[in-house]
Amino acid sequence: MKQHLSNTPGPIGVFDSGYGGLTILDKIREVLPEYDYIYLGDNARAPYGTRSFEVVYEFTRQAVNKLFDMGCHLVILACNTASAKALRSIQMNDLPGIDPARRVLGVIRPTVECVGEISKNQHIGVLATAGTIKSESYPLEIHKLFPEIQVSGTACPMWVSLVENNESQDEGADYFIRKYINQLLSKDPQIDTVIQFYTTEAEEKFSESASTFLKQQISVKHITLE
């Protein structure tokens, strides 16, 4: 069924599989404070990192449609996995039928545009979910802009569980952090720059986390994606 969407520009939508995208929303608000924003975090179905391309696409499509229904004309996918597995399909296959004037953007390309200036020796590492690593989105995008850069990646499946269970500050977490970093450096000891992104959170802590990240009291509403 075709969506009936308002032509009046509304807030900017920001979507993530959890609450970690709030860090991205915070920076966007610093640059564009004149706009209103809606943040949608799919905590109920997080994490996305181990899910198939088809499932991540469907979940992301549902979230984008929900934000469009709520008046957003621009949606930012503040999720590495969604950007890697769903963004291109939504841009090419869904937007033309929904509304060609609307936009959905991801976080991988803007991140990649910065690494060429940050790395001194052209050796870059990526620490991310299994889904993001398997998609090879970062090597592909990096080599489009910087073909001379060497990219190595390591999946970090335990990091999500540590965050979900509020164990990221425990001593045991240090073991897994060192483990994945050592695995990455064993692939390329010359790495001088690391791209790292992993986030999720239990739903009941979302309001507290959002208020902390955005430095103000946040109103949180539970919605159902279909």
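Read-outs: derived from the displayed coordinates by stated rules, not from any lab. Quantities reported herein were computed from a predicted structural model and do not represent experimental measurements. Every residue, glycine as well, gets a Cβ built from its backbone with ideal geometry; the counts of neighbours run over all protein chains shown.
General observations
- Percent of Cα pairs exceeding the 19 Å cut-off, where the set is the range 1-131: 50
- Proximity of backbone amide H atoms, modeled 1.01 Å from N, is registered between Ala86 and no other residue at under 5 Å, excluding neighbours fewer than 5 places apart on the same chain.
- For the range 116-142 and the range 1-80, distance of Cα centres in Å: 23
- Computed about the Cα centre, the dipole magnitude for the range 1-157 is approximately 280 debye when only Lys and Arg (+1) and Asp and Glu (-1) carry charge, each at its Cβ.
- Dipole magnitude (debye, nearest 20) for the range 56-135, charges at Cβ of Lys, Arg, Asp, Glu: 140
- In this simple spin-label approximation, Asn7 and Gln122 carry label points 7 Å from Cα along the Cα→Cβ vector, and these lie 5.1 nm apart.
- Applying a threshold of 27 Å to the alpha-carbon distances of Lys27/Lys120; Lys134/Lys179; Lys27/Lys187 flags Lys27/Lys187 as lying beyond it.
- Cα convex hull, the range 64-183: 134 Å³ per residue, rounded to a whole number.
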